[in-house]
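So the structure is just underneath, and the comments pick up after that.
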Amino acid sequence: MRVLIVGGGIGGLTAALALHARGIESVVCEQASEIRELGVGINTLPHAIKELSLLGLLDDLDRVGIRTSELIYKTARGQPILRQPRGIDAGYEYPQFSIHRGKLQTVLLDAVRARLGDGAVLTGHKLTGFDQDKAGVTARFETPEGEIELRADVMVGADGIHSTIRRHYRGEEGPPSWNGILMWRGATWWPPFLTGRSMIIAGGMKSKLVLYPIGNDPKRPGETLMNWVVCAKIGDGSMPIPGRDDWSRVGTVDEVMTHVDDILSLDEVDLEALISATPENYVYPMCDREPLRRWSWRRVTLLGDAAHPMYPVGSNGASQAILDAVILADCLAELSPVEALKTYEKARRSATTKIVRANRKGGPERVIDLVEERAPDGFDNLNDIANGAELTALVGAYQSMAGFARNQVNN
Ligand SMILES: Cc1cc2nc3c(=O)[nH]c(=O)nc-3n(C[C@H](O)[C@H](O)[C@H](O)COP(=O)(O)OP(=O)(O)OC[C@H]3O[C@@H](n4cnc5c(N)ncnc54)[C@H](O)[C@@H]3O)c2cc1C
């Protein structure tokens, strides 16, 4: 069997590795002329890290990422709500990683090239159209050398939130649905805070700061690559997304500071100094798409953001793409192409639909909204507002629903 994977992001590259581990040949076609280390920080959760570890990538991840040790939820005013250990520190057999998205992609890309050969990733190949028949799929790509056709038994659309393959079947959906929140993201070298592996999320859906380190460099002692995200609700989502919904769109320090000055404050880090010192920040709308009722059509299927783009709350975007990839490979190893894609969809579609919907309500970070709703002017004693068991249960319910409760991972 030969599988054509469209899109060389986290999902597509993991699919190539997982298929290879099961003895299935694949080729990844990526539209970009080269795969560069784009994006800033992402978190990958223990269930996804378990799969990457089984693919033999744990040492590489340790080389470039940081094992997250704890997560502290706070209000936007900086009042602590809940502090929980994470990954190995929480008794998981696998870590949670805070990592630069581009570095994670490079770890995967290097492994694909080393294991499948240099020809396994074709850059400068943009899918423009395809047909399927009883025996396979014929896909057309625009390349620097002109249009070419590739033939495979199965085609996987790992081509992100603007998926061409999704549009082929679903029709024109228009821009992603936006909730009125803009996110400014950046990373720069900065002194570590708390354990040096801590993560802070301060503020609910209206105004939020996310802060965590994503890498160290022996040549920069006393500093860590500090990732920050400032989210601000600037509309109700009924208006069109301002600007392009492009992960690489550059923002300005002034724009970010308007939202930081007014609301967010934090003891651990001087936010104004951190943001001002960051050479470049990126602005992206918090958006997703309505979950699909179907994502496999005989020999063609979707994976990752193409199938289920979700708000980046709860750290699930990359993790769920990794899980999709592994389960798809399991199905293709056991079943005929058409049956495999049906079974894969059955295993993954309703599971990820639940996460898309939960993330619209704030995901686990809902604990912050809850406290901020009950005590908009802050509190003297958290116990007067919410008890620890209630907050822990809310976070725990999200973890179980998204498949990364400790007992689900350590089995
Ligand atoms: C440039 C970039 C930067 C990002 N930065 C962040 C970040 O900082 N933080 C964060 O939380 N998430 C970020 N994301 C999103 C995050 O990577 C995904 O949510 C998650 O990893 C799921 O990945 P995916 O593989 O499904 O999709 P993606 O990571 O979006 O990958 C899809 C790939 O498909 C390729 N592609 C699209 N159309 C075609 C076509 N017609 N033919 C061939 N190839 C095609 C794209 O170029 C891309 O490489 C970023 C995504 C991108 C593309």
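No value in this document is a laboratory result; all are computed from the given coordinates. Keep in mind that this is a model prediction, so the values were computed, not measured. Every residue, glycine among them, receives a Cβ derived from its backbone with ideal geometry; neighbour counts consider all protein chains shown.
Note on Ser400/Arg360: beta-carbon distance plugged into 1/(1 + (r/R0)^6) with R0 of 25 Å gives a FRET efficiency of 0.85. Working note: Cα atoms of region 35-75, range along each principal axis, descending, whole Å: 38, 25, 16. Going by Cα centres, region 131-160 and region 299-335 are how many Å apart? Centre-to-centre distance over Cα atoms comes out at 20 Å. Measuring how big region 260-411 is from its alpha-carbon positions, Rg and Dmax come out at 19.7, 61 Å.
Pull out a ≥ b ≥ c, the square roots of the eigenvalues of the alpha-carbon gyration tensor of region 100-239, then state rounded if a/c is under 1.5, prolate if not and a/b is larger than b/c, and oblate in the remaining case. Please list the in-between numbers first.
Details: a/c = 3.35, a/b = 1.50, b/c = 2.24.
Here region 100-239 falls in the oblate category.
Helical runs assigned H by DSSP (4 residues or longer) give the chain a calculated mean residue ellipticity at 222 nm of -10000 deg cm²/dmol, each run adding -39500 (n - 2.57) before division by the residue total.
Among 19-26, 111-118, what's the highest-first ranking by average C-beta atoms within 10 angstrom per residue?
On the way: 19-26: 17.1, 111-118: 15.0.
Top of the packing list down: 19-26, 111-118.
Pairs from the list Lys103/Lys346; Lys206/Lys361; Lys50/Lys342; Lys50/Lys361 with a Cα-Cα gap above 21 Å: Lys103/Lys346; Lys50/Lys342; Lys50/Lys361. Only the Cβ atoms of Lys and Arg (+1) and of Asp and Glu (-1) were treated as charged; on that basis the dipole of the chain about its Cα centre amounts to roughly 1160 debye.
Pairwise Cα separations in region 216-280 fall into 10 Å bins from 0 onward with the following percentages, short to long: 15, 43, 30, 10, 2. Amide H to amide H, with H built 1.01 Å from N, Gly41 comes under 5 Å of Arg101, counting only residues 5 or more places away or on other chains. For the chain, find the longest principal axis of its Cα atoms and tell me its angle to the long axis of helix 101-116, 0 to 90°, nearest 10. That works out to roughly 30 degrees. Summary of packing: across the peptides 196-208, 153-165, 234-246, 313-325, the per-residue average of other C-beta atoms within 10 Å ranks them, highest first, as 313-325, 153-165, 196-208, 234-246. With q set to 0.12, 0.18 Å⁻¹, the log10 of I(q)/I(0) for region 275-362, from the Debye formula over equal scatterers at the Cα positions, is -0.42, -0.76. Our coupling estimate for region 386-392, obtained by passing each phi through the Karplus curve with A = 6.51, B = -1.76, C = 1.60 and θ = phi - 60°, is 7, 9, x, 5, 5, 5, 4 Hz, Gly and Pro reported as x. P(r) tail, the chain: Cα-Cα pairs separated by more than 41 Å, 13% of all pairs. A Förster distance of 45 Å, applied to the separation of the beta-carbon atoms of Asn381 and Asp131, puts the FRET efficiency at 0.10.
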